[in-house]
1. Anything in segment 84-127 that is exposed (fewer than 13 other Cβ atoms within 10 Å of the Cβ) and β-branched (Val, Ile, Thr)? List them, or say none.
2. Counting just the residues of segment 129-144 that are in contact with a helix residue (DSSP H, G or I) (Cβ under 7 Å, 6 or more places away or on another chain) and not aliphatic (A, V, I, L, M), which one comes out surrounded by the fewest Cβ atoms within 10 Å (Cβ to Cβ)?
3. Please find, among Val83, Val147, Val68, Val143, the residue that is free of Cβ contacts under 8 Å to residues at least 60 places away in the same chain and either in contact with a Gly (Cβ under 6 Å, 6 or more places away or on another chain) or of a type in the set (Val, Ile, Thr) (or both).
4. Restricting to segment 72-83, give me the number of residues that are part of a loop (DSSP other than H, G, I, E, B) and open to solvent by 60 Å² or more (accessible area, probe 1.4 Å).
5. If we scan segment 165-179, do we find a residue that is open to solvent by 60 Å² or more (accessible area, probe 1.4 Å), small (Gly, Ala, Ser) and either touching a strand residue (DSSP E or B) at 6+ places or on another chain (Cβ under 6 Å) or more than 17 Å from Val67 (Cβ to Cβ) (or both)?
6. Which one is surrounded by the most Cβ atoms within 10 Å (Cβ to Cβ), of the residues in segment 22-47 that are assigned to a helix (DSSP H, G or I) and at pLDDT 95 or above?
7. Look through Leu126, Leu104, Leu169, Leu110 and report the one residue that is outside any helix (DSSP H, G or I), free of Cβ contacts under 8 Å to residues at least 60 places away in the same chain and either in contact with a helix residue (DSSP H, G or I) (Cβ under 8 Å, 6 or more places away or on another chain) or aliphatic (A, V, I, L, M) (or both).
8. Given the criteria under 23 Å from Leu180 (Cα atoms), surrounded by fewer than 14 Cβ atoms within 10 Å (Cβ to Cβ) and either at pLDDT 95 or above or of a type outside the set (A, V, I, L, M, F, W, C) (or both), does Thr6 qualify?
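The values are calculated or read from the model by the stated rules, or taken from the named source; none is laboratory data. Treat the numbers as computed from the prediction; the structure is a model and nothing was measured. A quick note on method: Cβ atoms are made from the backbone with ideal geometry, for glycine too, and the neighbour counts reach across all protein chains shown. These accessible areas exclude ligands, DNA and RNA; they are computed on the full protein's heavy atoms, side chains included. Shrake-Rupley method; radii C 1.70, N 1.55, O 1.52, S 1.80 Å.
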Amino acid sequence: MSELNTIIQHNEQFVEQGGYAEFFTNKYPEKKLAILSCMDTRMTKLLPAALGLENGDAKIIKNAGAVVSHPWGSVMRSLLVAVFELRVEEIMVIAHYDCGMRGLSSSTFLEKAEAHGIPHDRMDTLRDAGINLDRWLTGFDNVEDSVRDTVKTIKRHPLMPANIPVHGLVIHPTTGKLTLVVDGNTTCAI
């Protein structure tokens, strides 16, 4: 049986039994906070618990590595929407140790893509179209440096208001211990 079928069956029971009632909130984050975090499965419950967050407290945006890889991509757009439309007044970038993006190599990644049936000529077509696959599919060597770079990208975005503090942290994926990398409240945060 597919996971989809299992999830659909669970969802039907969840709705019928009113399981949603304990999660009711509105679209505005109670703590006026947006968090960019990694999509790592260890962070699903650990991150909110380690930060003392409840449902409705923060907008949480997740991607591989907790990075803004392009200033005009969907992550940056989501942060700007959070600020201008959803009353966010503070942003946290929270990456984690032992991240799968650490040391990610484009050549290894593309080999895996080929092994999954993606033809090599498709990659050539993307490169010919001006897409830098090597840059796009390369991870980072140091998680703290990656956090600093992401904070800098967010803070320097031409549409990001100067009064929005952007913090950078790294969380331990087992204990939840936070390490502060950038305090966005300081005047020299970037």
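1. If the condition is that a residue be exposed (fewer than 13 other Cβ atoms within 10 Å of the Cβ) and β-branched (Val, Ile, Thr), then Thr108, Ile118, Thr125 are the ones that fit.
2. Asp134
3. Val143
4. First pass over segment 72-83, keeping only residues part of a loop (DSSP other than H, G, I, E, B): 72-73.
Within this subset, residues satisfying the condition of being open to solvent by 60 Å² or more (accessible area, probe 1.4 Å) are 72.
Result for segment 72-83: 1.
5. No, every residue in segment 165-179 fails to be open to solvent by 60 Å² or more (accessible area, probe 1.4 Å), small (Gly, Ala, Ser) and either touching a strand residue (DSSP E or B) at 6+ places or on another chain (Cβ under 6 Å) or more than 17 Å from Val67 (Cβ to Cβ) (or both).
6. In this case the residue turns out to be Leu47.
7. Working: Leu126 fails: outside any helix (DSSP H, G or I); Leu169 fails: free of Cβ contacts under 8 Å to residues at least 60 places away in the same chain; Leu110 fails: outside any helix (DSSP H, G or I).
Only one candidate passes the filter, namely Leu104.
8. Answer is no for this residue.
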